[in-house]
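Asks: The structure is given below, and queries will be raised subsequently.
The values are calculated or read from the model by the stated rules, or taken from the named source; none is laboratory data. These figures come from a predicted structure and were not determined experimentally. Glycine also receives a Cβ, built like all others from the backbone with ideal geometry; neighbour counts cover every protein chain displayed. The area values use the complete protein model at the heavy-atom level, side chains included, leaving out ligands, DNA and RNA. Shrake-Rupley method; radii C 1.70, N 1.55, O 1.52, S 1.80 Å.
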Amino acid sequence: MAFDPEKFARQNIRRLVSYSSARHEFAGDAEIYLDANENAFGSPVKTQLNRYPDPLQMAVKEKIAESKGVDPAQIFIGNGSDEAIDLLFRIFCEPGRDEVIICPPTYGMYKVAADINAVFIEQVSLTTAFQLDVPQILRAITPATKMIFICSPNNPTGNAIDREDILHIAGSFQGVVIVDEAYIDFSSGLSLIDEIGNFQNLAVLQTFSKAWGLAGARVGMAFGDEQLIALFNRVKAPYNVSQLAQDTILAAWNNEAEVKSWIQRIVEQRQLLADALNGLEFVQTVYPSDANFLLVKVVNAEAVYSFLLKEKIVVRDRSNVRLCEDCLRITIGTPEENGRLLLSLKSFGKN
Ligand code: PMP
């Protein structure tokens, strides 16, 4: 199905003449830069920060493009993937009029971003197997529905969503389907980035915050058809990713092998922790996980949560989330941390 994101964007965005920064107008090499009102005397820290960074982060995009097998024009880089989520609302949804579909239990920012942008939310719960309820999603679509958010692997349930279901929805829907793959590096499943050439209405989000261990750098990515990415670039702040963040990502590539080994260890620890948790009598279910956390159903989540806090261990209590009653979400730590967690849990209810 042909999808023209330009026609689908908000009226004001279609008309928007985007801000043109100094470094946007001149991207070549010069000897003297007197175009951007920077401080030519220097930077008070070692890294050269008196100059504005590349607004389109081309060096970083080339690295990512090479590793993901896409074109740099199919990549948006943001201040975390949270920036990409917010931009999607601002690009496509008329406040007070348009709708999006989300599938709870899922990542909380889709709703927060919708609320901030005054966009209506249609919630279509996942099935009890934490998969998409495809017929209900298709029924929930109205002429005002602009986007459908799918998180795979899903936070907080941890499972990957069936690829065929996602593609079926992308093929049946006239709007934008967002697949948030923040946790994809921990999954044995394949990314949907491979499909952006087949579905012009598909946006795939990934991040450096999880597997890459760079949550503090705040760098996220959106992958999509060139036209879709062009809209992100039109709306984003001129210098949305700092020089520090761009340098950090480039430097991180030198340690790619270490990152890969961490991922492997996290996946191993996930299995060990799941097995050990299954042996505890107050643990009812450890749900299968494709992510760097486990969703664990216990007899009394609140009691376990408070007990762990007293032990100075903090996990996430998800018991007030639909389909996650009495569930805790536990991030996979180092072997030492996981060992301490298990030791504490073994003493739960014993005194
Ligand atoms: N998507 C999901 C599913 C997440 O869990 C998170 C972080 N909790 C994000 C996106 C945001 O990540 P970032 O640090 O890239 O903004």
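Asks: Which of the residues that make up segment 168-202 are open to solvent by 10 Å² or more (accessible area, probe 1.4 Å) and more than 23 Å from residue 6 (Cβ to Cβ)?
Replies: Hits for segment 168-202 are 168, 182, 183, 184, 185, 187, 188, 189, 190, 191, 194.
Asks: Can you report the number of residues in segment 286-322 which are farther than 17 Å from residue 160 by Cα, in contact with a strand residue (DSSP E or B) (Cβ under 8 Å, 6 or more places away or on another chain) and surrounded by 15 or more Cβ atoms within 10 Å (Cβ to Cβ)?
Replies: Residues meeting the conditions: 11.
Asks: So, restricting to helices (runs of 4 or more DSSP H) that lie completely within segment 1-117, which ones have at least 3 residues that are in contact with a Lys or Arg (Cβ under 9 Å, 6 or more places away or on another chain) and within 16 Å of the ligand (Cβ to nearest atom)?
Replies: In segment 1-117, the matching helices (runs of 4 or more DSSP H) lie at 81-92.
Asks: Of all residues in segment 41-78 being without any contact (Cβ under 8 Å) to a residue 12 or more places away in the chain and of a type in the set (A, V, I, L, M, F, W, C), which is nearest to residue 230 (Cα to Cα)?
Replies: 65
Asks: Still on this structure: Residue 136 fails exactly one of the following numbered conditions: (1) touching a residue at least 60 places away in the same chain (Cβ under 8 Å); (2) polar (S, T, N, Q); (3) more than 22 Å from residue 288 (Cβ to Cβ). What is the number of that condition?
Replies: (1)
Asks: Additional query: Could you tell me whether any residue of segment 99-112 is among the small types (Gly, Ala, Ser) and surrounded by fewer than 22 Cβ atoms within 10 Å (Cβ to Cβ)?
Replies: Within segment 99-112, one or more residues are among the small types (Gly, Ala, Ser) and surrounded by fewer than 22 Cβ atoms within 10 Å (Cβ to Cβ).
Asks: So, in segment 249-290, how many residues would count as being closer than 19 Å to residue 188 by Cβ and assigned to a helix (DSSP H, G or I)?
Replies: If we filter segment 249-290 for residues that are closer than 19 Å to residue 188 by Cβ, which is where we start, we get 259-275, 286-290.
Filter once more, so that each one left must be assigned to a helix (DSSP H, G or I): 259-275.
Total satisfying the criteria: 17.
Asks: Tell me, please, whether a residue that is touching an Asp or Glu at 6+ places or on another chain (Cβ under 7 Å), open to solvent by 20 Å² or more (accessible area, probe 1.4 Å), more than 30 Å from residue 13 (Cα to Cα) and β-branched (Val, Ile, Thr) can be found in segment 239-252.
Replies: No.
Asks: When only residues in segment 323-340 that are of a type in the set (A, V, I, L, M, F, W, C) and touching a residue at least 40 places away in the same chain (Cβ under 8 Å) count, which is most open to solvent (accessible area, probe 1.4 Å)?
Replies: 323
Asks: Looking at segment 304-321, I want the residues that are among the β-branched types (Val, Ile, Thr) and have a partner that is part of a loop (DSSP other than H, G, I, E, B) with Cβ atoms under 6 Å, at least 6 apart or on another chain. Which pairs are those?
Replies: Hits for this filter: 321/105.
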